[in-house]
Amino acid sequence: MTQTRRYHHRFWLVTFGLLWSMVAAVPVLGDTHDRFTGTVIFMRHALAPGTGDPSNFVIDDCRTQRNLDDTGRKQARAIGAKLAAANIQVSALYSSYWCRCLETAQLLDLGPVTPFNGLNSFYENHAPRAATLARLTEKLATLPQTAGPVIMVTHYVTIQAITGLSVRSGGVVVYDLKTGSARELAFSSLQ
């Protein structure tokens, strides 16, 4: 073996050894539940055609709001089924007071739904932006970082304000309570 070939041979052996030691040092992830410990799963409500809410909007009257259609209801059920199939042990499920969020959360069928005004929409000033985000930030600070994930069904503007990410109807963002980092979740990554 020539000097150059020995050098390349040693180089690749050392490189392979370093890579192997790094891979071996990474802890093996347990089930999907373990991957979501200490996180919030922000979900934008399922498909509710249109934008914003009608001018006669009343928070306690679903007839005055933009609501889920049949496609949105199917979407919410399918997302709930994917999360359930992934064995994610949800520790709490919160929703905005908006009917499209409450219905989405209920159709997920992952446990009791708690309405929380820190998830309300400030898109058309139906809720005060600063106060809403202050309530949400306070809630996030009090959630246990060692428990199963909390699901929060909310709106585009709320998710974007906290995570910096934009998602479509039914979109999901995983937010790490320890680091504050966020990533959009593709449902194929649950498997």
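FYI, it's all coordinate maths here, none of it is from the lab. Values in this document were obtained by computation on a predicted structure and should not be read as measured data. With ideal geometry, Cβ positions are generated from the backbone for all residues, glycine too; neighbour counts draw on all protein chains shown.
Here are a few things to note about the model shown:
- Straight-line cross-link reach from residue 139 at under 29 Å between alpha-carbon atoms covers these lysines, not counting any fewer than eight positions away in the same chain: 82, 178.
- Residue-span extension gain [residue 146 to residue 86] - 0.36 nm each, minus C-alpha spacing: 19.7 nm
- Computed about its Cα centre, the charge dipole of region 129-191 is approximately 100 debye, with only Lys, Arg, Asp and Glu carrying charge at their Cβ.
- Protection-proxy order for peptides 69-76, 161-168, each taking the mean of Cβ atoms within 10 Å per residue, highest first: 69-76, 161-168
- Distance-filtered residues of region 145-171 - backbone nitrogen under 13 Å, label point 7 angstrom along residue 187 Cα→Cβ: 169-171
- Dipole size of region 70-191 about its Cα centre, with +1 on Lys/Arg Cβ and -1 on Asp/Glu Cβ: approximately 100 debye, rounded to the nearest 20.
- Cα-centred dipole magnitude for region 25-135, charges only on beta-carbon of K, R (+1) and D, E (-1), debye, nearest 20: 160
- Projecting the Cα positions of 72, 163, 146 onto the charge dipole of region 26-181 (unit charges on Cβ atoms of Lys, Arg, Asp and Glu, taken about the Cα centre) puts 163 furthest along the positive direction.
- Segment residue 70-residue 166, length gained on full extension (0.36 nm per residue, minus Cα span): 32.2 nm
- log₁₀ of I(q)/I(0) at q = 0.12, 0.18, 0.19 Å⁻¹ - region 31-190, Debye sum with one point per alpha carbon: -0.46, -1.07, -1.20
- Under a 5 Å amide H cut-off, with hydrogens placed 1.01 Å from N, residue 95 pairs with 114, 116, 153 among residues at least 5 apart or on other chains.
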